[in-house]
Structures are given as C-alpha cells and as structure tokens.
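Contents: one structure, followed by commentary.
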C-alpha cells in the first residue's frame, strides 16, 4: 500500500507548479517532459542547454532530497524489466500520438484552460484507474 504523505505531496506539487511557471516566464515554453526530452534527441533543438538543465534538475533534485532528509523511497517492482521497458515504449508512443504527456497537459494545459488538455488528462486518469482496477481486482494483483 502507498503511504499517505500530504506535506511532501503538497511541497512537491508546489515545486512542480513553480518550475512550470518559471519556465513559461523565462523561456515562454511549456514544461512538458515529452517535448523537453524530444528537443534533446539529435539533431536536437537550438535551445538544448535549458532542456538539458531541466532534465538534469529533474534527476538530481530527488537524489539531493534523499541526501538532506530522513525520507527514504522504497522501490520494489514485481514486474520483470522487459515488461517495464515495453511499458515505457507504449507510454512514449501514447505521449507522442497524444501530442504531450501528463506534465504538459495536466500541469500546464489545464492551467491554460485548454479543452484538449482536459480531454487528454481525463483520458490519462481514466486509463490509470481502469488499469489499477483490472490488475488488483480482475487479475488478483501482482
């Protein structure tokens, strides 16, 4: 079961929102991870530096958090690594064909009152709810 962490969740959500606002204010760009990562793949875009810094921050910040706090993040996956890789490719394909990911649509698109982002976010959430239901209640959990 997942542990209830309202303070950490609130702080994390606020930091995500702040980073999205700062990126829009300083670079005029939407903080969607799919678009940011796509700009890093060769031939890459002309604004490669801020994209690399954004991704590096997304990787380094949690590691720093673990070093300076007493919070531990336990990770144990019963899913074999090939399935994790296949799942990642499917999600990447969905993000490509959906013209964005949960961060772009859910955080930035909803803040801009985009109808397309509302539909995309509801689709993401509905798919996640259906997947959890099927895995836990139909298949008996993993």
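The values are calculated or read from the model by the stated rules, or taken from the named source; none is laboratory data. Given the structure is predicted, the values throughout are model-derived calculations rather than measurements. Backbone-built Cβ (ideal geometry, glycine too); neighbour counts: all protein chains shown.
Select from the stretch 51-103 the residues that are touching a helix residue (DSSP H, G or I) at 6+ places or on another chain (Cβ under 6 Å) and either more than 20 Å from residue 30 (Cα to Cα) or not in a loop (DSSP other than H, G, I, E, B) (or both) and list them in ascending order.
The answer is 51, 54, 95, 102, 103.
Going through the stretch 99-116 one residue at a time, which ones are closer than 21 Å to residue 14 by Cβ and at pLDDT 90 or above?
The one that is closer than 21 Å to residue 14 by Cβ and at pLDDT 90 or above: 113.
Looking at residue 37 and the list (1) loosely packed, with under 14 Cβ neighbours inside 10 Å; (2) more than 19 Å from residue 128 (Cα to Cα); (3) within 17 Å of the chain's Cα centre (by Cα), which single condition is not satisfied?
(1)
With respect to the numbered conditions (1) without any contact (Cβ under 8 Å) to a residue 12 or more places away in the chain; (2) surrounded by 12 or more Cβ atoms within 10 Å (Cβ to Cβ); (3) part of a helix (DSSP H, G or I), which one is the sole condition not fulfilled by residue 44?
(3)
Output yes when any residue across the stretch 112-124 is more than 29 Å from residue 39 (Cβ to Cβ), out of contact with any helix residue (DSSP H, G or I) (no Cβ under 8 Å at 6 or more places or on another chain) and touching a residue at least 24 places away in the same chain (Cβ under 8 Å), and no when none is.
no
Going through the stretch 25-41 one residue at a time, which ones are part of a helix (DSSP H, G or I) and modelled with pLDDT under 90?
Those that are part of a helix (DSSP H, G or I) and modelled with pLDDT under 90: 27, 33, 34, 35, 36, 37, 38.
Looking at the stretch 1-24 only, could you name the residues that are exposed (fewer than 11 other Cβ atoms within 10 Å of the Cβ) and modelled with pLDDT under 85?
Across the stretch 1-24, the qualifying residues are 1, 2, 3, 4.
Give the stretch 124-139 a look and list any residue that's closer than 24 Å to residue 23 by Cβ and at pLDDT 90 or above, or say none.
The one that is closer than 24 Å to residue 23 by Cβ and at pLDDT 90 or above: 125.
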